[in-house]
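Here the structure is laid out as structure tokens; the discussion comes afterwards.
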Amino acid sequence: MPASTTKSVFRQGVVQGLPFILVIVPFGLLFGVVGTEAGLNLAEVMGFTLLVVAGASQFTAVSLMVDNAPVFLILAASLTVNLRMAMYSASLVPYLGNAPLWQRALVAYMQVDQVYAASAARYEARDEPVGTRIAFYFGVAAPIMPLWVLSTWVGAVLGASVPPAFALDFAIPITFLALVGPMLRTVAHVAAAVVSAVVALSTTWMPTGTGVLVAAACACATGALVEVWMERRR
């Protein structure tokens, strides 16, 4: 693929990724603040951000650590929250499975909700070579990943000095509502989403984190059952 084409597609990806800055920056700032308030030092907060690279799982882990939850529960809840990444990876295999190993490794590392959502939408709409798809993926990630790390660092350094009036926590629900909404394209998707929300809200009395595990399991089972039921109807 000509270098000019690669650069052009990369730039298109960057343009697609820029709007996500509006939620990535406050999301990162909030985790930095929450992490330091939970007693983590700067190295530990940045270790979370650089090694886990999953905001929802990071918040889950920190909240459970604050509640002195057992290690196995912290790991189980965090992994459950992040299981969607396995589904993301599986859905990308038909499009990126033939890419070189080093490129697939970078794709896996930079696979966050926003990058996946923008890339998957393009892959479904266009039939392009693997190199073009990789260039677009990296382009979307280009403005997101560095700002995620930088904003987390700023939040950790500033800590409690960030005024409550900034209401940084708005970024979490808005991010996931914006990402999940367009993906509810089938009855199975909607059923799984409704069940997960209902179960999560109805299990708030359970020990911290376990409600999320139950909701995730119920949602997966619901989605699978609805898919089977619809296949039989056809």
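The values are calculated or read from the model by the stated rules, or taken from the named source; none is laboratory data. This structure is a prediction, so every number in the text was calculated from the model and none was measured. Heads up, the Cβs are rebuilt from the backbone with ideal geometry, glycines too, and the neighbour counts pull from every protein chain shown. These accessible areas exclude ligands, DNA and RNA; they are computed on the full protein's heavy atoms, side chains included. Shrake-Rupley method; radii C 1.70, N 1.55, O 1.52, S 1.80 Å.
Give the residue, chosen from Ala43, Ala38, Ala56, that is out of contact with any Asp or Glu (no Cβ under 8 Å at 6 or more places or on another chain), open to solvent by 10 Å² or more (accessible area, probe 1.4 Å) and at pLDDT 90 or above.
Of Ala43, Ala38, Ala56, the one residue that is out of contact with any Asp or Glu (no Cβ under 8 Å at 6 or more places or on another chain), open to solvent by 10 Å² or more (accessible area, probe 1.4 Å) and at pLDDT 90 or above is Ala43.
State whether one or more residues within segment 73-84 are more than 20 Å from the chain's Cα centre (by Cα) and not in a helix (DSSP H, G or I).
Among the residues of segment 73-84, not one is more than 20 Å from the chain's Cα centre (by Cα) and not in a helix (DSSP H, G or I), which makes the answer no.
Of everything in segment 111-135 that's in a loop (DSSP other than H, G, I, E, B) and crowded, with 18+ Cβ neighbours inside 10 Å, which residue is farthest from the chain's Cα centre (by Cα)?
Here the residue is Gln111.
Residues of segment 89-110 being in contact (Cβ under 8 Å) with a residue 12 or more places away in the chain, open to solvent by 30 Å² or more (accessible area, probe 1.4 Å) and within 17 Å of the chain's Cα centre (by Cα), which ones?
Hits for segment 89-110 are Ser89, Ser91, Leu106, Ala108, Tyr109, Met110.
Select, from Thr152, Thr175, the only residue that is at pLDDT 80 or above and either closer than 20 Å to Val23 by Cβ or part of a helix (DSSP H, G or I) (or both). Full working, then the answer.
Numbers: Thr175 fails: at pLDDT 80 or above.
None of the other options fit; the residue is Thr152.
Confirm whether Leu184 is of a type in the set (A, V, I, L, M), under 25 Å from Ala120 (Cα atoms) and without any contact (Cβ under 8 Å) to a residue 12 or more places away in the chain.
Details: of a type in the set (A, V, I, L, M): yes; under 25 Å from Ala120 (Cα atoms): yes; without any contact (Cβ under 8 Å) to a residue 12 or more places away in the chain: yes.
So Leu184 passes the test.
When the residues of segment 208-221 are narrowed to those that are surrounded by fewer than 19 Cβ atoms within 10 Å (Cβ to Cβ) and part of a helix (DSSP H, G or I), which ends up modelled with the lowest pLDDT?
Our first condition is that a residue be surrounded by fewer than 19 Cβ atoms within 10 Å (Cβ to Cβ); within segment 208-221, this holds for 208, 210-211, 213-214, 217-218, 220-221.
If we keep only those that are part of a helix (DSSP H, G or I) too, we end up with 210-211, 213-214, 217-218, 220-221.
Numbers: Thr210: 70, Gly211: 77, Leu213: 74, Val214: 83, Ala217: 81, Cys218: 88, Cys220: 80, Ala221: 86.
Among them, the one singled out is Thr210.
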